[in-house]
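Q: Before I ask anything, here is the structure I am working with.
The values are calculated or read from the model by the stated rules, or taken from the named source; none is laboratory data. Keep in mind the model is a prediction, meaning the values are calculated, not measured. Neighbour counts run over all protein chains shown; Cβ positions are idealised from the backbone, glycine included.
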Amino acid sequence: MSKPADTQETEPSQTAQEADDAAPAPHADAAVEQAPTATKRAKFFSERDRTNLRWLWTNYLRQKSPWLLVVLVMILVQGVVYQQFLAMTESGLRVIFESGGVQDLVMICIVVFFLFAVRALMSYLVPRVTIWVSNDAVFQMRRDLIDHMMRLDLAYFERTKSGAIIQRLVGQTQALGVFIGQATANAVRDAVTVVIVSGYLIYKNPILFGTAVVVLPFIIWLMNFVSERVREAQGRAETALADYMNGIEETVNGMRTIKISSQEGMEVSRLMKGTGAIRDLFNRVQVTQALVMPSIDLSSAFVYVLVIGGGGYMVLSPNFDMDGAGIITFLLGMVMVFDPARLLALYFTTLQANLVMLDRIRELYDEHPSIHDKPGATDQFDTGADIALEDVRFSYSKDQPLFDGLSMTFKGGQVSAIVGSTGSGKTTILSLLSRLYNVKGGAVTIGGQSIADLKLTALRGSYSVVAQDIVIFNNSIWENIRYVNPAATEAEVWAAAEAAEIADLIRARGDASVGPKGAQLSGGQKQRIAIARAFLRDAPILLLDEATSALDQATEERIKRALNRLTRGKTTIIVAHRLSAVSDADRIFVLESGALVESGKHAELLEQDGLYAQLYSAQKRGYTSR
């Protein structure tokens, strides 16, 4: 479904999203698309999983390999301690059952205590090191994710739910860090314990051990059965959780509207629907995982029966070299094998859930910016020259072009205005001038030089923007102004605040924060912060997108005087709905449905009695009737 023309300009995010609906599903939903086929996978690890794990190792773990080697050595020590414990236990039992002395028994007890003291020390040091390694890996991963994300095009953020981005940067990276650190270290410890203790038991009695491992094929089958279903359910759960987080953000941001329209009940219902979906999906994941432990417990019981029965027969039969101490030690060894084996099996089921999260994180790297510096791009251009759109073609969706051969020139050093009905493409022109989007055809030039040949930092650094959508941070007004120029002096910030008529408010509020997204400020106060930022940035080209739309008439007159000072000697392009705000412009361009229908000065356009004159008369009647 394509976006109606009357919303293309004021809500580009919806346009981009709906345009994307006609294309293949974005990467953010890839796991959902793949989830139904997860049960068909023949391999425990897919090729994508291997690629993701190699990426994780190469970028975030390999550099810590010396520390990981130290961890492995400490884990091996833990495994050897268990093996030695079994040997000492068998010796101790023989001291008790046979002709041993108290001194020998005391010595064995001391050695056993020492062995477990060593294991306790290793149990402390291993998580200390792995936590440090994993937290550092998470830090680096988030750093790289943020850096990569900031390089992506605006279109990515307009088609991707903010909840999905937050989930990647916060929840999934942290969960993955815990998993690759503590959980994986514990799994390696359990695997080493199983291998070393099993090796010792094979050495002691290979026949009895061979009898005990008859359940191994069943355990392997169970792990595959559970992991496939966990992977599928986890993919859907992660998507549901991202949608839920996005819903919460929408509710918080729209609380004013919710309260005014008394729609609290509707929001409760909407959020509870998401809560229920998450509950059901995570129930499915956890219930499936819960199959592992009782299945292995039953398998263990079967094995213990075999060991007790077979071992007892060996003790009673003169054909085998097995005594009571040996069978008790063997049973104790089987307990030491099956307990970590249970945890190891659970690890492999949770591994599938974490592979889903790893894949979601990697998907962000599958996104590549289409707007970037061309080879040989320059940062040298005449910022005071004419800015021109030359036969520009552009569309948010393939089936609905917005501009089809649009040409217009904004004279350097002059004030130009773009007006027109909603959806005519006014704000889109500003986006094209700053290369937030690339044109589909034609060119945007400054002094005859295509902006596609300019470095993005140089191009965008030449603009000061007062946008319709103002970003306000939960900080003081002072810091919000200084955001665009952190190196500005105190005098420069005060000068910008005075020029934007907001200095008195700074003095009244002091260092008090303005609330999330400036919730404690009026619309006019937010716009004056944006205007103060433009004064502080002091770039040679000024873009004003509905810069006075939220101001009352008295405040608007004061701000217009400030803007007159700001625009002096600069190339200024104003997008305005209120035509009275652009009546003094050097040239006014009138758009209708993406086409230039009129241009000229205010008086000239009124004389033409065309679209501009109709819009002006309609607005004038509206103001008069109030």
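Q: With the structure loaded, tell me whether Ile477 is among the aliphatic types (A, V, I, L, M), in contact with a Gly (Cβ under 7 Å, 6 or more places away or on another chain) and touching a residue at least 40 places away in the same chain (Cβ under 8 Å) or whether it fails that test.
A: no
Table: residues versus (1) at pLDDT 85 or above; (2) surrounded by 15 or more Cβ atoms within 10 Å (Cβ to Cβ).
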{"site": "Ser464", "(1), (2)": "yes, yes"}
{"site": "Val471", "(1), (2)": "no, no"}
{"site": "Thr489", "(1), (2)": "yes, no"}
{"site": "Ala497", "(1), (2)": "yes, yes"}
{"site": "Val514", "(1), (2)": "yes, yes"}
{"site": "Gly518", "(1), (2)": "no, yes"}
{"site": "Ala534", "(1), (2)": "yes, yes"}
{"site": "Pro540", "(1), (2)": "yes, yes"}
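Q: Let me ask another. Got a sec? Which of Val188, Val170, Val197, Val178 is assigned to a helix (DSSP H, G or I), farther than 17 Å from Asn354 by Cα and assigned by TED's automatic domain parsing to the domain that holds Gln83?
A: When all the criteria are applied, what remains is Val197.
Q: Kindly provide the set of residues from region 576-594 that are crowded, with 21+ Cβ neighbours inside 10 Å, of a type outside the set (Phe, Trp, Tyr) and in contact with a Ser or Thr (Cβ under 7 Å, 6 or more places away or on another chain), ordered by number.
A: Selection gives Ala581, Ala585, Ile588, Val590, Leu591, Gly594.
Q: Considering only region 423-437, I want to know if a residue exists there that is in a loop (DSSP other than H, G, I, E, B), hydrophobic (A, V, I, L, M, F, W, C) and within 33 Å of the chain's Cα centre (by Cα).
A: Within region 423-437, one or more residues are in a loop (DSSP other than H, G, I, E, B), hydrophobic (A, V, I, L, M, F, W, C) and within 33 Å of the chain's Cα centre (by Cα).
Q: A further question on this structure: Check region 377-386 and report whether any residue there is over 30 Å from Leu521 (Cβ atoms) and either assigned to a helix (DSSP H, G or I) or in contact with an Asp or Glu (Cβ under 8 Å, 6 or more places away or on another chain) (or both).
A: yes
Q: Now for a different question. I'm checking my understanding of the structure. Among residues of region 341-384 that are among the hydrophobic types (A, V, I, L, M, F, W, C) and in contact with a strand residue (DSSP E or B) (Cβ under 8 Å, 6 or more places away or on another chain), which one is farthest from Phe45 (Cα to Cα)?
A: Selected residue: Phe381.
Q: Looking only at region 507-514, decide whether some residue is closer than 19 Å to Ala562 by Cα and either in contact with a helix residue (DSSP H, G or I) (Cβ under 8 Å, 6 or more places away or on another chain) or among the acidic types (Asp, Glu) (or both).
A: Within region 507-514, none of the residues are closer than 19 Å to Ala562 by Cα and either in contact with a helix residue (DSSP H, G or I) (Cβ under 8 Å, 6 or more places away or on another chain) or among the acidic types (Asp, Glu) (or both).
Q: Quickly run through region 460-488 and pick out the residues that are within 18 Å of Leu563 (Cα to Cα) and among the polar types (S, T, N, Q).
A: Within region 460-488, Ser462, Ser464, Gln468 meet the criteria.
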